[in-house]
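The values are calculated or read from the model by the stated rules, or taken from the named source; none is laboratory data. Because the structure is predicted, anything quoted here is derived from the model rather than measured. We place every Cβ from the backbone using ideal geometry, glycine too, and count neighbours over all the protein chains shown. For the accessible areas, the whole protein counts, side chains as well, though only heavy atoms, and no ligand, DNA or RNA atoms are used. Shrake-Rupley method; radii C 1.70, N 1.55, O 1.52, S 1.80 Å.
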Amino acid sequence: MTDDQRERLRRTFTEAPELYDRARPGYPQEMYDDLAAAAPTGLGPDCRVLEIGCGTGQATVPLAGRGCRVTAVELGAEMARVARRNLAGYPDADVVNAAFEQWPLPPEPFDVVLAATAFAWVDPAVRVPKSADALRPGGVLATVRTHHVAGGTEEFFAAAQGCYERFDPATPPGLRLRPGTAIPEDRDDLRGEERFEDPVFHRYEWEVAYSTAEYLDLLRTYSGHRALPAPARDALLACLAGLIDGRHGGRIAKRYLTELRLARRAG
C-alpha cells in the first residue's frame, strides 16, 4: 500500500463516527489482563498510557475504567469528539485530535504505548521509533491486530465470496477464510529496532452474532467498503443481506482472531 492510499483509506474512518462507535466490537477482557501483567506498573492509577488512534474509545474506555492515566491521539476530529463523550466520566483520560506522526511527545515518558487495530495506518517509518521514544525503559509497546478467520457461519462467508467478486473488483478470486492458526505473527516492523526486546504474542479467538442490519452496519465502517463507489457498495450490501435473510434466518456469527503483541523497551 502506498502512502497516498494509506492516507485516503485511514481518513474514511472519520466519516461516520457514530456508526463506528455503535457497530465496532471491543476486545476480549483477557487481552487487558495480559497487558496488565506485562505493563511495568500494571494497569491502574500508576500507569501512564499513550494510545495511538483511539477511534471512539473501544480500548480507551476499558483502560480508563481500570484507572489508567490515558493520553489518546486520534486523527479524526469527529472520532475524537465521540471518544471524549465516551470518556466524560474519566478525568484522567485526555483525547488529542492530531496525527501521531506530527504530534510532539511530552517530556514525561509513558509506561505503555497502545495501538488497537490502528498501528498499520501509521507511517511505517515513524510508528516504531517514535513509540520507542515515547516509552520509559522497561515500558511496553502493545499493538493489537484483529483478523476475520474461519468459523462462525461458514456457509454464509463462503457464499459471500460471490457477492464480493461481482461488486468489488479488488476481490481475489476464490478467496476463503483461513483458520487462526494459519495467520502469521506480526513481527516485521520491529526488525532492526534495537530498543525493543523480542515480542511476546497473545491470541484470542471469539465470535460475535449479528442480525442482518447489524452486520451491514459493521461493513459500512470498514475502509475498503467505504472506498467503493456508492452504487457498487449498495449492491454488495444488498447481495449480502439477501444471503443472510434468505439462507440464515436473518442472523450470522463472525469469528475473530485478536492478536496482542507486546514488545518491551530495552534498558
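Residue check: is Ala93 among the small types (Gly, Ala, Ser) and closer than 21 Å to Pro40 by Cβ?
Values: among the small types (Gly, Ala, Ser): yes; closer than 21 Å to Pro40 by Cβ: yes.
In short, yes.
Quick one: which of Val126, Val113 is in contact with a strand residue (DSSP E or B) (Cβ under 8 Å, 6 or more places away or on another chain), under 30 Å from Pro62 (Cα atoms) and β-branched (Val, Ile, Thr)? I'd like the intermediate steps shown before the answer.
Details: Val126 fails: in contact with a strand residue (DSSP E or B) (Cβ under 8 Å, 6 or more places away or on another chain).
Just a single option satisfies the conditions, and that option is Val113.
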Could you say which residue among Val149, Val82 is in contact (Cβ under 8 Å) with a residue 40 or more places away in the chain and over 28 Å from Arg203 (Cβ atoms)?
Val82
Are any of the residues in the range 83-93 more than 10 Å from Val49 (Cβ to Cβ) and either β-branched (Val, Ile, Thr) or within 15 Å of the chain's Cα centre (by Cα) (or both)?
yes
Val140, sole failed condition from (1) within 18 Å of Leu35 (Cβ to Cβ); (2) open to solvent by 10 Å² or more (accessible area, probe 1.4 Å); (3) not charged (D, E, K, R)
(2)
Which condition breaks for Leu237 when tested against (1) assigned to a helix (DSSP H, G or I); (2) open to solvent by 70 Å² or more (accessible area, probe 1.4 Å)?
(2)
So, in the range 21-42, exactly how many residues are free of Cβ contacts under 8 Å to residues at least 40 places away in the same chain and open to solvent by less than 30 Å² (accessible area, probe 1.4 Å)?
3
Residues in the range 100-158 that are under 16 Å from the mean Cα position of the chain (by Cα) and basic (Lys, Arg): how many?
2
In the set Leu228, Leu216, which member is at pLDDT 90 or above, among the hydrophobic types (A, V, I, L, M, F, W, C) and assigned to a loop (DSSP other than H, G, I, E, B)?
Leu228
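Any residue that is closer than 30 Å to Tyr32 by Cβ and surrounded by 14 or more Cβ atoms within 10 Å (Cβ to Cβ) - is there at least one of those in the range 160-172?
Quick first cut of the range 160-172, residues closer than 30 Å to Tyr32 by Cβ only: none.
No - not one qualifying residue is present in the range 160-172.
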Considering only the range 46-57, I want to know if a residue exists there that is farther than 24 Å from Ala263 by Cβ and modelled with pLDDT under 95.
no
Any idea which residue in the range 240-249 is surrounded by the fewest Cβ atoms within 10 Å (Cβ to Cβ), counting only those that are under 16 Å from Arg166 (Cβ atoms) and hydrophobic (A, V, I, L, M, F, W, C)?
Ala241
Could you tell me whether the range 217-236 includes any residue that is in contact (Cβ under 8 Å) with a residue 24 or more places away in the chain and among the acidic types (Asp, Glu)?
yes
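Can you name every residue in the range 108-121 that is modelled with pLDDT of 95 or more and either among the β-branched types (Val, Ile, Thr) or open to solvent by 50 Å² or more (accessible area, probe 1.4 Å) (or both)? I'd like the intermediate steps shown before the answer.
Taking the range 108-121 and keeping what is modelled with pLDDT of 95 or more, we get 108-116.
Across the range 108-121, the qualifying residues are Glu108, Pro109, Val112, Val113.
Mind listing whichever residues of the range 188-205 are assigned to a strand (DSSP E or B) and either hydroxyl-bearing (Ser, Thr, Tyr) or surrounded by 15 or more Cβ atoms within 10 Å (Cβ to Cβ) (or both)?
From the range 188-205, those assigned to a strand (DSSP E or B) are 196, 200-205; that's our starting set.
Once the filter is applied, which keeps residues that are assigned to a strand (DSSP E or B) and either hydroxyl-bearing (Ser, Thr, Tyr) or surrounded by 15 or more Cβ atoms within 10 Å (Cβ to Cβ) (or both), the range 188-205 yields Phe196, His202, Arg203, Tyr204, Glu205.
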Looking at the range 65-79, which of the residues that are over 16 Å from Pro25 (Cα atoms) and open to solvent by less than 10 Å² (accessible area, probe 1.4 Å) is farthest from the chain's Cα centre (by Cα)?
Cys68
